[in-house]
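Please read the structure below before turning to the comments.
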Amino acid sequence: MTGTRIKSNAASVVFEGVSKIYGGSVTAVDDVSLTIEAGTLVTLLGPSGCGKTTTLRMIAGLEQVSKGRILIGGQDVTALPATDRDVSMVFQSYALFPHMSVGENVSYGLKLSGHDKAETAARMRAGLELVGLAGYDERLPSELSGGQQQRVAVARALVLEPQVLLFDEPLSNLDAKLRRQVREEIREIQQDLGLTVVYVTHDQEEALAVSDRIIVMRQARIAQMGTPRDLYEAPRNAFVADFIGEANLIDCEITARAGDSASVVIGSITLELDARGLGVGAAKLAVRPNRISLSRRARKNDMAVTIIKTTYVGNHMEYRVAAEFGELFVISSVVDQPLETGANVFLSFADTGPVLLPPAE
Amino acid sequence: MTDATLQPPFRAAAGANSNRMIMVLLGVALVAALALPWYVIEDGFWSGEWLLDGYPLDSSYAPLIFLIAQGQKLWLAPLIGFAALPLLALRRHRSEPVYAKLLLTAGIGGLGWLALQGFSIGIRGWQFGALEAAFGPLGDRQFGLGYGALLISAVFVVYIGMGMAARGAVGGDVFVVSAIGFVIALVGIFIFFPILQMLQGAVRAEDGAYSLSIFTDKFFHRNIWGLGCLSANVSCGVAWNSLLLGVVVGGATTALGLVFALVATRSGFRYGRILRALTVLPIITPPFVIGLAIILLFGLSGTVTQFAADLFGLTPTRWVYGLPGIVMAQMLAYTPIAFLVLIGVVEGVSPAMEEAAQTLRADRWTTFRTITWPLMRPGLANAFLLGFIESMADFGNPLVLGGNYNVLSTEIFFSIVGAQNDQARAAALAIVLLVFTLGAFFAQRRWLGNKSYAGNTGKGDGCAHPQMPRRLKVPVYAIAAFWCFMTLVIYGMIIYGGFVELWGLNNTLTVRHYSDAFGVGWNAGGLVWRGSAWDSFWTTLQIAAIAAPLTAMLGLVTAYLLVRQKFAGKDAFEFGTMLSFAIPGTVIGVSYILAFNVPPIELTATGAILVLCFIFRNMPVGVRAGIASMAQLDKSLDEASATLGANAWQTFSKVILPLLRPAILAAVVYSFVRAMTAISAVIFLVSAEYNMATSYIIGRVENNDYGLAIAYSTVLIFVMLAVVAALQLLILKGTKGRPRRA
Ligand SMILES: Nc1ncnc2c1ncn2[C@@H]1O[C@H](COP(=O)(O)OP(=O)(O)OP(=O)(O)O)[C@@H](O)[C@H]1O
Ligand SMILES: [Mg+2]
């Protein structure tokens, strides 16, 4: 190898009050402002139809914004079409050109941006090597497996050394095992080269695993932005709490506040929790299923519950229990001595984990 | 203004490219103005004789700059200014407003000036009295625009495209905007302009004065609208004749098409592919050939007629000349078209729906009445309207078989070529015909729109279509078998007829007709094409071969714009490009004669007018083929290409075209074949030098030289069969595994 290496020209992406309205009536993205730092991997996460793909396509320039501005690397690109933006995209269907060989696919953008033959070939090889497909350049896309096609699509986008690299659900056509492997590869390449990557998925586990930051979208707006840990441990509202990892949402009452700490009454027990800016009055408590423990013996500050359903799922147990304020979903890692359906047991919340949320919005 | 717009775009190529493009265009404009003859050349551009005949100084061949330099046609001088104006934009970036302004001024100004001078100066100087009064007599005249003018107009269109793109129209892509501009300009000049000229022709008296009464006289004439046949023993107006013919043929072909569709899908008939092969017949058969065969069968000296005379002593009559003959010929010719429409419809009625109805306690008849029939109704209406339009527009069969039964399409022809030479009447008749066919076309679009009920339950559930009940099956089979028998007989007649000395009178076999038409011989100079048909045969091949790729290209570009691009006025754009489908050939023929025999566009008696006529008549075929196959290409291929830095032209040429190879091939071959079989428009446009096969054959028929006419038709049919077969092979090869690179 003569030392041709794929570099990064990572740049930041900024949305300023961006809206997209299709056909005058469908608002797919509604007044969104966000900042994506250069060199980070940010995922757009949310339920189907919330506007993730539309957001991504606006970064690419494949959709024109209806309102607002988009800046890439500090420059206003709002009016630039996709052709003129220094942004590459990996499509869900990969969109490899079926009549061109792997090498031609990867060289396509290089030729168009005016590199000479030798340079194009060198970069094409470097790109294929980067994704572990060195020597595949003579094959046709139809002669590759799904995972290999996916990597060709990544190489094709990478070799242009774009300011921003976009992925729209890149793993959805792969089987579960391959998915984990490919997502780790993408993350590795991104970190090695320091690329700015925007990544769309509706799989929250995938988002948690690969992202520097996650943007959760809901009905054309941003529900919350933050690091994976922020979102998981300090969701801002019930939607985020439930969407990122499951959560039990329990009605509760804040009875007193002292500094940052609040006394919260749930049924018969009282907890001291971080107030998170909430005042005295009704609130909601979000508790992850694995932050609840069940025990046959009574302990301090717990409550009596009845187990109504027991499911064995291999590496943990799932319980559905009836408490005085409703049903809860609990995960326990104790599989060897499971609790039986109908048993009366005692429930307690972990010290960290339950999060106070504003009452129903 | 934001500061960002002044900065270069991220992919630096964009700015440099647009400057390079201006240089290229300026170069092309220079070639057009300095090297190519500005005006049309009487002896033909491609003969090249002009090169040795005083070019570039002689004013009939001189390029624009030579004309001006010699002080001739000085009114053309501003064009040079407009063409050179973008020089000022060379140092500008395309995001600067002045860049767009310069290019738009150059393009619109240039085209506008070209049109203005073209229409205000005619063959006798000023066209309008007011201009003459203002500027004094001109003392000069206009000729038809030639290749120099053509090329410079193209440059002007691209200037406009670049200007609009710089302003951000349609994503700011020069190729897309220019392509839209070209298609609009071409459709405007070669479809709308001639039709408008024709409308104008209908209100112009022989002396050139305009008068509405002339139009109303001709338009409402007894010949057209008379209803005498209902009461007295005179014939009805041609409009009623045409209408009756259209309705009968539309209804009959729809019914027959349905019969075939039922046989193909609901009878357990396993030779569906043979039935589908029948649909090739109307494509490869010149329309009037069926009429000829019917004469051989049922004419005065026809086989059947003579047989009946011998056997039953029936006196031969001319009964077949008229409505019965035309209906018979058109039914045989157009049923395959109806079949093609209806097989989709019948297949689209999902058996699951019918079975669902039956599980809901509907008996078979109720199921048919409440489910099957309503689902098929739009398709049937569609087939009927198609048959109606085809029948109304058909020219060959009524000409050959019409007898005293006059229809609009033939009447138009006779008012122009006959002793009458009454262009206003031809125009009025053409308007009547156009109103009918456009009415059907509108009905088809408005009423059926693009919605089809068929198949909206998604994929079939894998169950086969139920069989028809026996009561229905027997008559359906009988009808289909009879039709097939007739078709076989007809084509047998055609092949056999070419070898018969004089049909019905002297039945000895001979190859005389073939040797008369296609004989070759030797002399000192080598091979001589002695046969009388060679001239028209080669001309036809040549014209069709030039027209076909152009048609396909225009059709595919249009399809690309329609499928892949969003722009204001797209519906109108689509409508305009599909319109020529509903304009009968005779109407196109008349309107071309009226529009293109005077400057600024003077094309009559050239080969170019034939090529153009074919391009615009067959364009909808190319558009449909393109739309159908482009819809199957995933849009993300385009988008991937765009995000990799390709502009629309690069995407179109590197990604879309290579993937559309089969569609391109199909479009090329079908427009080739259609150009070879067309007659209705062609017959107005042929000239001594450019005679086409079909019009030559019609000429032989009019001289009662049936033998040669039929021999020639047979040759055409086999040539086209070979072409279509070659196409099928090529497409098959193209889809079976793509070429692998070593
Ligand atoms: N071309 C379009 N025309 C009209 N509406 C559209 C178009 N594309 C998307 N929409 C609408 O915009 C909204 C957001 O769509 P988008 O494709 O961005 O969703 P998404 O978050 O990517 O969903 P998914 O997870 O299902 O891919 C949806 O309501 C969708 O119906
Ligand atoms: Mg999506």
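Here residue A:128 meets the list (1) over 26 Å from residue B:169 (Cα atoms); (2) surrounded by fewer than 18 Cβ atoms within 10 Å (Cβ to Cβ) almost entirely, failing just condition (2). Tell me whether the stretch A:167-178 contains one or more residues that are among the polar types (S, T, N, Q), more than 12 Å from every other protein chain (Cβ to nearest Cβ) and within 25 Å of residue B:658 (Cβ to Cβ). Among the residues of the stretch A:167-178, at least one is among the polar types (S, T, N, Q), more than 12 Å from every other protein chain (Cβ to nearest Cβ) and within 25 Å of residue B:658 (Cβ to Cβ), which makes the answer yes. The strands (runs of 3 or more DSSP E) found wholly in the stretch A:209-301 and carrying at least 1 residues that are away from ligand 2 (no atom under 16 Å from the Cβ) and more than 30 Å from residue A:180 (Cα to Cα) occupy A:248-258, A:261-266, A:269-274, A:281-287, A:292-295. Is the stretch B:47-57 home to any residue that is away from chain A (no Cβ under 14 Å), part of a helix (DSSP H, G or I), at pLDDT 80 or above and open to solvent by 60 Å² or more (accessible area, probe 1.4 Å)? No: the stretch B:47-57 contains no residue that is away from chain A (no Cβ under 14 Å), part of a helix (DSSP H, G or I), at pLDDT 80 or above and open to solvent by 60 Å² or more (accessible area, probe 1.4 Å).
Residues in the stretch B:58-77 that are in contact (Cβ under 8 Å) with a residue 12 or more places away in the chain, over 15 Å from residue B:146 (Cβ atoms) and either outside any loop (DSSP other than H, G, I, E, B) or in contact with a Phe, Trp or Tyr (Cβ under 7 Å, 6 or more places away or on another chain) (or both): B:68, B:75. Is it the case that residue B:359 is polar (S, T, N, Q), over 27 Å from residue B:401 (Cβ atoms) and open to solvent by 50 Å² or more (accessible area, probe 1.4 Å)? Judged against the criteria, residue B:359 is a match. Number of residues in the stretch A:1-37 that are away from ligand 1 (no atom under 16 Å from the Cβ), closer than 23 Å to residue A:160 by Cβ and more than 14 Å from every other protein chain (Cβ to nearest Cβ): the value is 10. Being modelled with pLDDT of 85 or more, open to solvent by 20 Å² or more (accessible area, probe 1.4 Å) and under 25 Å from residue B:346 (Cα atoms) is a property that residue B:499 lacks.
What number of residues in the stretch B:313-370 are touching a Phe, Trp or Tyr at 6+ places or on another chain (Cβ under 8 Å) and among the basic types (Lys, Arg)? Total meeting the criteria: 0.
Taking the residues in the stretch B:198-224 that are open to solvent by 40 Å² or more (accessible area, probe 1.4 Å) and at pLDDT 80 or above as candidates, determine which candidate is farthest from residue B:577 (Cα to Cα). This residue is B:200. Across the stretch A:74-98, the qualifying residues are those that are part of a loop (DSSP other than H, G, I, E, B) and within 16 Å of ligand 2 (Cβ to nearest atom), and the one among them that is most open to solvent (accessible area, probe 1.4 Å) is A:92.
Output yes when any residue across the stretch A:112-123 is buried (at least 20 other Cβ atoms within 10 Å of the Cβ), outside any helix (DSSP H, G or I) and more than 14 Å from chain B (Cβ to nearest Cβ), and no when none is. No, the stretch A:112-123 has no match at all. When residues in the stretch B:627-647 are screened for being more than 7 Å from every other protein chain (Cβ to nearest Cβ) and within 14 Å of residue A:96 (Cβ to Cβ), 3 of them pass.
Residues in the stretch A:65-84 that are at the interface with another protein chain (Cβ under 8 Å from one of its Cβ atoms) and without any contact (Cβ under 8 Å) to a residue 40 or more places away in the chain: A:75, A:76, A:77, A:79, A:80, A:81, A:82, A:83, A:84.
For residue A:49, the test of being without any contact (Cβ under 8 Å) to a residue 24 or more places away in the chain and either within 15 Å of ligand 1 (Cβ to nearest atom) or not charged (D, E, K, R) (or both) is passed. Elements of the type strands (runs of 3 or more DSSP E) sitting completely within the stretch A:1-73 and holding at least 2 residues that are within 16 Å of ligand 2 (Cβ to nearest atom): these cover A:13-22, A:26-36, A:41-45.
Here residue B:570 qualifies as within 30 Å of residue B:392 (Cα to Cα), within 14 Å of chain A (Cβ to nearest Cβ) and out of contact with any Lys or Arg (no Cβ under 9 Å at 6 or more places or on another chain).
The values are calculated or read from the model by the stated rules, or taken from the named source; none is laboratory data. Remember, predicted model here, so these are calculated numbers, not experimental data. No Cβ is skipped: glycine too gets one built from the backbone with ideal geometry, and neighbour counts run over all protein chains shown. Keep in mind that these areas ignore ligands, DNA and RNA; they rest on the heavy atoms of the full protein, side chains included. Shrake-Rupley method; radii C 1.70, N 1.55, O 1.52, S 1.80 Å.
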